[in-house]
1. Among the residues of region 136-144, are any touching a residue at least 12 places away in the same chain (Cβ under 8 Å) and over 18 Å from residue 92 (Cα atoms)?
2. Out of region 188-199, which residues are under 22 Å from the mean Cα position of the chain (by Cα) and either over 19 Å from residue 306 (Cβ atoms) or outside any helix (DSSP H, G or I) (or both)?
3. Name the residue that is surrounded by the most Cβ atoms within 10 Å (Cβ to Cβ), counting only residues in region 163-181 that are modelled with pLDDT under 95 and more than 10 Å from the ligand (Cβ to nearest atom).
4. Conditions first: (1) assigned by TED's automatic domain parsing to the domain that holds residue 253; (2) surrounded by fewer than 23 Cβ atoms within 10 Å (Cβ to Cβ); (3) within 14 Å of the ligand (Cβ to nearest atom). Residue 184 passes all but one, so which condition is the exception?
5. Name every residue in region 293-321 that is outside any helix (DSSP H, G or I) and modelled with pLDDT of 95 or more, in order of residue number.
6. Give me the pairs, please: first residue somewhere in region 171-187 and under 23 Å from residue 123 (Cα atoms) and without any contact (Cβ under 8 Å) to a residue 40 or more places away in the chain, second residue anywhere and near the ligand (Cβ under 10 Å from one of its atoms) and in a loop (DSSP other than H, G, I, E, B), beta-carbon distance under 7 Å, and either six or more positions apart or on two chains.
7. So, in region 140-175, how many residues would count as being under 22 Å from residue 250 (Cα atoms) and assigned to a loop (DSSP other than H, G, I, E, B)?
Ligand code: AKB
């Protein structure tokens, strides 16, 4: 019997994660099987199936699922922590109403779903070192509030409707393909751009700020591996339990990243002038315990600080940013 094609819809296809996940999925499943959905900022040179829609509009999404016979949905649309504080109402609207539409449609059309959570689900009352999978979730940003609420919604749909929904709590993601935009951990991306363009960087967090981070290639591989994993979903459902997986790779102080970067840009000057984003950084963990992801589906990161820094610099130089 011919295998049913895994037709995939990616919302937020041109955001930080989507712009790297879409090409990876196109390569794995073929361009004809991946529908990239964007709302704004759609690159003119995108090569693939494109749909323009807003996830808050359920009838548009339903039409896309039906038209393309979608089996799997990666629902990536989200405003991040810094942008989220500029308009909390809009952040709730986009992050939550988009998600609930996707979940309802996924129940109706029996889709599998991936949805990203974040270290932003943690807050100042969470133990900050080697933060456990199951722990206190009392975030102080609207973005974090939507991540906790989103995790609870996903658990509800998993237990109540049997939806196969999988999720990762991403740390700060570092990539050379998309310029930083709207996140607190984005200092660790901006330092590369400014360092290479101007030879200097004005860092918006203190030099001793430690946050969990990950190179984007690891994040994309982890995401695809989680969706491919043969998880014991039935056992979890029986236990009425569901987790967005903690995922860890590297944790470093801002000044450690600057020192590593100076090996490639010896004259780099970095100043530290913490602003309102420091409070957000301080509310998040220093490091994450991801043993559940490691034991349940074999998660393993590949990029450490020196390897990530070298790949970032080499690629940004090659693309003469
Ligand atoms: C942000 O800084 O807002 C994001 C995140 C940690 O989810 N990168």
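The values are calculated or read from the model by the stated rules, or taken from the named source; none is laboratory data. In this text the structure is predicted, and so the values were computed from the model without any measurement. In this analysis, Cβ positions are derived from the backbone assuming ideal geometry, glycine residues included, and neighbour counts consider all displayed protein chains.
1. Checking region 136-144: at least one residue is touching a residue at least 12 places away in the same chain (Cβ under 8 Å) and over 18 Å from residue 92 (Cα atoms).
2. Matches in region 188-199: 190, 193.
3. So, considering only residues that are modelled with pLDDT under 95 and more than 10 Å from the ligand (Cβ to nearest atom), the one surrounded by the most Cβ atoms within 10 Å (Cβ to Cβ) is 176.
4. (2)
5. 298, 299, 300, 301, 302, 303, 304
6. These pairs meet every condition: 180/186.
7. Residues that pass the stated criteria total 2.
To keep it simple, each residue is scored yes or no on (1) surrounded by 14 or more Cβ atoms within 10 Å (Cβ to Cβ); (2) over 18 Å from the mean Cα position of the chain (by Cα).
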site: 22; (1), (2): yes, no
site: 32; (1), (2): no, yes
site: 46; (1), (2): yes, yes
site: 56; (1), (2): yes, yes
site: 62; (1), (2): yes, yes
site: 65; (1), (2): yes, yes
